[in-house]
Amino acid sequence: MTQNGTTTPLYLLVLAVLLGSISLEAQEQVYRIFKDSRVVNIHSPETLPKGRLDVRISHRFGDIAGDNGGFATFYGLETASDVSIGAEYGVSDALTVGLYRAKGAGVSVEGFPGLRQLLNGVGKLRLARQEENGGAPLSATLMGLISLSTQEKLEGAGNEASIASFPNFNHRMASHIQLILARKFSDGFSLQVSPGYTHRNLVPFEDKNGMFSVSTGGRIQVTRTFGLLADAVFPLIDSRTSGSGYFPAIGLGFEFETSGHIFQVNLTNATALMETDFIPYTTTDWTEGQFRLGFTISRLFNL
Amino acid sequence: MKISEITAFYLLSWCAVLLLGSCTSDQLPEPMVADCEMNAPTYEVEVKPIIDESCAYSGCHLDSSPGRFDNYNGLLPYLQDNTFRQRVLIQRSDPTTGMPPNFAPSNRPLDLTPEQLTIIECWLNAGFPE
């Protein structure tokens, strides 16, 4: 090889490697912005890997304090406001679908129950993943939820003002959709913001069927397996403003991650577990002691 | 996005279109208020038989659930703090918190009749006379 013959290809090779490494670095994606598919009450941007099954059991106890709490109910541990059991499955890395059964717990400000005995279908589609080095700054996931009440229809006089009177089948349904925008700012801190829209096909007297909301959530990684969580949901509708008797659903919690398990313990004023329930129907107030202990157990299986 | 994800996205979109097709925007009527002009029930005469049959039996509000509802004084705290009205009238459509609950024994009522509900409502409105 001549001197010229060696220097030119080497120069090109080094240039190619440099360009290649820059290109590879630009495509480096950020994984696990949150450790779980939920923050406290709301969904995180996380979808399941393809072929992964996530079996989840969630529980919300009764009020810790206030009129319905205290020692009489052993600080809410002897009453259950909502319980949910179900599973989600990763159809692909970007698409997760799930089915849950939940008791339902929300009540209107007059005290009338919302939908009960719910079947809940969940779908999550990952639209974009956060990238490092000048790539996409945010992860984006679209989440949809449809709730269907299987409660027996209430017939007869005196039940006309009850949701469970179900004048037609569609009245058993409520739905929610939200766009989850999230960013992992460092290995220890992630944040998300989610505009959402909830629609109830049948609502109590003088309530509104559709409502926009905005929610936010964050996570702080404390140790390799332990993290702190917080979230809040703010309905953007006149009938849910301060003084209306409705309150934003606010959750605080922590989670442990073990091999294949995530165990979350939380405190929240939301009585219900599904967005179609706790966004329009949270009438419990942190400042009145109407918050509760809750937990979620998540177990992952590879199918 | 891969082909399978694009296909799934279209499937989800169609589901959303179907869901929109099943959307209604309906509102319940104003809750009716019982006409109590001709109805002045008392605990001993009209109300106690209803509560004895539907609440104050073994395994429920007699020896198991909170409160002993086979006498007026046992019932009184739940009348005064409004819990009785909440559970029996306002939340009655809730399968578990509405009283009587849907898991009541088969030989006990799962719901009060419209006539019984009117008696209870008028009695509470009148200040639950003994």
Only Cα pairs under 8 Å and at least 6 apart count here; give the relative contact order of segment A:74-207 as a rounded whole percent. 17
C-alpha long axis of helix A:3-26 to longest principal axis of chain A, angle in °: 10
If I take every Cα pair under 8 Å that is 6 or more residues apart in chain A, average their sequence separation and divide by the length, what percent do I get for the relative contact order? 20
If you average the C-alpha positions of segment A:139-181 and of segment A:21-99 separately, how far apart do those two centres end up, in angstrom? 21
Please sort by residue number the chymotrypsin sites (Phe, Trp or Tyr not before Pro) in segment A:172-221 whose DSSP state is loop and whose Cβ has at most 16 other Cβ atoms within 10 Å. A:Phe205
Each residue of A:159-165 has, on average, a number of other protein chain C-beta atoms within 10 Å of its C-beta equal to 5
Cα centroid separation - segment A:219-277 against segment B:69-130, whole Å: 34
Shielding of A:33-40 by partners, i.e. mean partner chain Cβ atoms within 10 Å per residue? 0
For a quick check: sort A:Ile33, A:Ile279 by the number of other beta carbons within 10 angstrom, fewest at the front. A:Ile33, A:Ile279
Using the Kirkwood radius over Cα pairs, work out the Stokes-Einstein diffusion coefficient for chain A at 37 °C and 0.692 mPa s, in µm²/s as a whole number. 157
Given only helices, namely DSSP H runs of n ≥ 4 each adding -39500 (n - 2.57), what is the per-residue ellipticity at 222 nm of chain A, to the nearest 500 deg cm²/dmol? -3500 deg cm²/dmol
Return the loop-located GluC sites (Glu not before Pro) in segment A:121-179 (DSSP other than H, G, I, E, B) with at most 15 other Cβ atoms within 10 Å of their own Cβ; answer none if there are none. A:Glu132, A:Glu152, A:Glu155, A:Glu160
Under the 7 Å Cα-to-Cβ spin-label approximation, A:Arg52 and A:Ala87 lie apart by a distance in nanometres of 1.6
Find the relative contact order for segment A:247-291 and round it to a whole percent, using C-alpha pairs within less than 8 Å whose residues are 6+ positions apart. 37
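Taken together, the values in this text are just the output of simple stated rules run on the coordinates, not laboratory data. Everything numeric here is computed off the predicted structure, so don't read it as measured data. Glycine gets a Cβ as well: all are built from the backbone with ideal geometry, and neighbour counts include every protein chain shown.
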